[in-house]
Number of protein chains: 2
Amino acid sequence: MSKEKHGLLIALSGPSGSGKGTIVKALLSQREDTVLSVSMTTRQPRPGEVDGVHYHFCTREQFEQTIAEDGFLEYAEYNGNYYGTPEAPIRRLLNEGKNVILEIEVQGAEKVMDHRSDLISVFITIPSVEELERRLRGRGTETDEVIRKRMETARYELTRAFRYDYIVLNDEVELATARINTIIDAESMRYSRMENTVLEVLEHVRTQ
Amino acid sequence: MSKEKHGLLIALSGPSGSGKGTIVKALLSQREDTVLSVSMTTRQPRPGEVDGVHYHFCTREQFEQTIAEDGFLEYAEYNGNYYGTPEAPIRRLLNEGKNVILEIEVQGAEKVMDHRSDLISVFITIPSVEELERRLRGRGTETDEVIRKRMETARYELTRAFRYDYIVLNDEVELATARINTIIDAESMRYSRMENTVLEVLEHVRTQ
């Protein structure tokens with residue numbers, strides 16, 4: 001009897017400006033075996049946001065009920081709204097053999113590491129500080145004070161990179177996406193995920 | 001200041017008949033950053049064997065001296081001859097940034113695991129027992145008794161697969177070689193090997 005393959009749980013994190021959102025989009029368009037985890041939030045949907053796609057929108061009561069049931073891999077409150085990563089849908093997707101991506105802030109990723117020892121954590125970094133500043137300045141509408149604060153946060157987040165399994169340099173989106181594909185493919189060859197292949201051969205050797 | 005990159009130490013192992021020798025040859029022809037560890041032995045060179053290429057040939061006294069100095073990652077005695085994996089040349093190659101491949105029997109690989117926690121261990125397996133038997137029969141000159149013994153050894157070796165980091169299926173040599181390339185590329189993105197990249201960016205953020 002052959003068990004179904006279990007999917008991989010992968011956190012993609014990194015400083016703001018590291019380009020993780022763009023990489024995730026590219027990755028999902030390339031891999032049919034991989035889906036994005038959808039966060040839960042109590043904030044109001046913005047125009048164009050679809051429930052179940054961009055977020056699972058819920059009430060404060062529903063969110064707090066899920067907290068009480070220990071149903072989040074991580075959650076936080078910003079500006080009076082809750083945001084969280086619910087575990088149940090992730091568990092279901094993994095059981096169906098899908099790889100699940102968490103696109104997640106550095107602090108959130110560390111909380112998930114503490115919950116799930118099977119998490120594959122990837123820290124996306126940028127090639128230079130000039131490049132980071134260029135990206136943080138974005139469309140050029142931010143004040144110097146905002147940029148300074150973002151650089152400070154990025155600096156802090158870079159000091160947390162040591163907690164991650166893998167570091168992926170985002171010098172070009174295509175290259176960075178290929179690197180994450182390589183990590184997923186390698187992790188799929190871990191003994192725990194290939195055990196059935198070995199056991200099936202063994203079974204036949206035994207019964208010869 | 002940027003430290004030089006350290007190479008990866010990779011054991012490729014698997015049952016006799018798994019095709020590890022062919023895969024190693026293909027891998028080395030594809031990767032300039034990767035070399036094969038040369039074993040030491042006290043047996044006499046066979047015609048065509050070159051000292052330092054196929055083996056480091058040495059005397060019994062030299063071999064036992066190296067044992068006394070704890071200079072082997074693993075060694076064993078077969079038919080009155082010693083065979084061993086000396087650590088010093090491996091350490092030198094890793095420091096030069098080369099990946100070093102140990103093409104090694106299952107029992108030897110397990111001894112190296114106990115010595116080197118940085119070892120990346122890969123178990124090469126075959127898709128089916130029929131394929132294994134076909135390969136073990138080789139050129140068809142072996143007796144049934146020899147085949148039976150080889151199957152028995154292969155069976156034992158397959159039960160040890162759980163000790164390895166990765167399992168690579170050798171259904172086709174090209175595919176199996178690509179899989180090992182994927183593992184090497186992914187392992188090169190481990191935090192420990194990418195630390196300098198992160199620290200360099202951090203250094204510049206600090207001094208802004």
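The mean count of C-beta atoms from other chains within 10 Å of the C-beta of residues in B:186-195, rounded to a whole number, is 6. Ranking B:175, B:201, B:35 by Cα position along the charge dipole of chain B, where only Lys, Arg, Asp and Glu carry charges on their C-beta atoms, puts B:175 farthest toward the positive end. Taking every C-alpha pair closer than 8 Å and separated by at least 6 residues, the mean separation divided by the residue count of the stretch A:64-145 gives a relative contact order of 18 percent.
The alpha carbon centroids of the stretch A:59-81 and the stretch A:161-208 are separated by 33 Å. Taken as Cα centroids, the stretch B:9-34 and the stretch A:88-143 sit 34 Å apart, rounded to the nearest whole angstrom.
For residue B:34, nonlocal amide neighbours, meaning residues 5 or more places apart or on other chains whose placed amide H falls under 5 Å from its own, are B:99. Looking at chain B, what % of the alpha carbon pairs are farther apart than 20 Å? Tail of P(r) above 20 Å: 64 percent of Cα pairs.
Close amide-amide hydrogen proximity is noted between residue A:169 and A:125, each under 5 Å apart and 5 or more residues distant or on a separate chain (H modeled in the peptide plane; Pro and chain starts excluded).
Taking the 0 to 90 degree range and rounding to the nearest ten, how far is the long axis of helix A:20-30 tilted relative to the main principal axis of chain A, both from C-alpha atoms? Compared with the principal axis, the helix lies near 40 degrees. The angle separating the long axis of helix A:173-187 from the principal Cα axis of greatest extent in chain A is about 30 degrees. With R₀ fixed at 41 Å, the C-beta to C-beta distance from residue A:43 to residue A:96 puts the FRET efficiency at about 0.90. Here the Gaussian network model covers chain B, with springs between Cα atoms less than 10 Å apart; of B:175, B:93, B:119, B:175 fluctuates the most.
Relative to the dominant Cα principal axis of chain A, helix A:144-159 is inclined by about 30°.
Here the spin labels are modelled as points 7 Å beyond Cα on the Cα-Cβ line, and at residue A:61 and residue B:131 they lie 5.8 nm apart. One residue of chain B places its C-beta nearer than any other to the axis carrying B onto A; that residue and its whole-Å distance are B:186, 2. Counting only DSSP beta bridges whose two residues both lie in the stretch A:31-136, roughly 55 percent are antiparallel. Connecting C-alpha atoms closer than 10 Å in a GNM of chain A, tell me which of A:22, A:143, A:182 has the biggest fluctuation. Fluctuation is largest for A:143. Normalised Debye scattering of the stretch A:101-160 at q = 0.16, 0.17 Å⁻¹ gives log10 I(q)/I(0) of -0.61, -0.67, counting only Cα atoms as equal scatterers and leaving out solvent.
Summary value for the stretch B:19-77: 24 percent relative contact order, contacts being C-alpha pairs under 8 angstrom separated by 6+ residues. When Rg and the Kirkwood radius Rh are both evaluated on Cα atoms of the stretch A:63-144, their ratio Rg/Rh stands at 1.08. Build a GNM of chain B with springs between Cα atoms under 10 Å apart, and of B:96, B:87, B:49 the one that fluctuates most is B:49. Think of it as helices only: each DSSP H run of n ≥ 4 in the protein assembly as shown is worth -39500 (n - 2.57), and spread over all residues that comes to -14000 deg cm²/dmol at 222 nm. Placing pseudo-labels 7 Å out from each Cα toward the beta carbon at residue B:32 and residue B:163 gives an inter-label distance of 3.7 nm. Considering only beta bridges that DSSP places wholly inside chain B, some 30 percent are antiparallel.
Take every Cα pair under 8 Å whose residues are at least 6 apart in sequence, average their separation, divide by the length of the stretch A:81-208, and the relative contact order is 24 percent. If the segment from residue A:153 to residue A:196 were pulled out straight at 0.36 nm per residue, it would be longer than the present Cα-Cα gap by 11.1 nm.
A short reminder: the numbers here are calculations on the coordinates, not readings from a lab. Keep in mind it's a predicted model, so treat the numbers as computed, not measured. A quick note on method: Cβ atoms are made from the backbone with ideal geometry, for glycine too, and the neighbour counts reach across all protein chains shown.
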